[in-house]
Amino acid sequence: MKKGTAGEAVRFLQQFLNCYIDYYLVIDGQFGSQTEQAVRNFQSDYNYQGKSNPDYLIVDGIVGKETYRAIGNMFCSHGVTSSQNLRDKEGCSN
């Protein structure tokens, strides 16, 4: 996914960024400039957490294979298994 993409996958991404990266994106399913910047910040933060080299993310604002995998890793580590479960997480009222 990248800037210009639209749909449910983008909505889920926006919700994830709001809940786990403490953003306040409008959840509209439109991958615009704010979502792109939030993805860049996620990628940078993920790299900063000391992940090993194979998990290093290119900070480009695009949700490609590696960024998608990193998001999946975050879900697993927080017990998220679905979009409903994500909405039910404490502090995620978006």
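Some points to look at:
- Among the numbered conditions (1) free of Cβ contacts under 8 Å to residues at least 60 places away in the same chain; (2) over 13 Å from Ala70 (Cα atoms); (3) open to solvent by 90 Å² or more (accessible area, probe 1.4 Å), the only one that Lys2 does not meet is (1).
- Considering residues of the range 49-82 that are farther than 21 Å from Glu36 by Cβ and of a type in the set (Gly, Ala, Ser) only, the residue modelled with the lowest pLDDT: Ser82
- With respect to the conditions (1) modelled with pLDDT of 95 or more; (2) of a type in the set (Val, Ile, Thr); (3) closer than 18 Å to Leu57 by Cβ, Ile21 lacks only one, and its number is (1).
- Tabulated pairs, the range 5-30, first among the acidic types (Asp, Glu), second open to solvent by less than 60 Å² (accessible area, probe 1.4 Å) and assigned to a helix (DSSP H, G or I), C-beta under 9 angstrom, 6+ apart or interchain: Glu8/Ser83; Asp28/Val10; Asp28/Gln14
- Looking across the range 41-60, the residues that are in contact (Cβ under 8 Å) with a residue 24 or more places away in the chain and not hydrophobic (A, V, I, L, M, F, W, C) come down to Gln43, Asp45, Tyr46.
- Count - residues of the range 1-48 that are among the small types (Gly, Ala, Ser) and either in contact with an Asp or Glu (Cβ under 8 Å, 6 or more places away or on another chain) or assigned to a helix (DSSP H, G or I) (or both): 5
- Failed item in (1) touching a residue at least 40 places away in the same chain (Cβ under 8 Å); (2) surrounded by 20 or more Cβ atoms within 10 Å (Cβ to Cβ), with Ala38 passing the rest: (1)
The values are calculated or read from the model by the stated rules, or taken from the named source; none is laboratory data. Because the structure is predicted, anything quoted here is derived from the model rather than measured. No Cβ is skipped: glycine too gets one built from the backbone with ideal geometry, and neighbour counts run over all protein chains shown. Heavy atoms of the whole protein, side chains included, go into the accessibility calculation; ligands, DNA and RNA do not. Shrake-Rupley method; radii C 1.70, N 1.55, O 1.52, S 1.80 Å.
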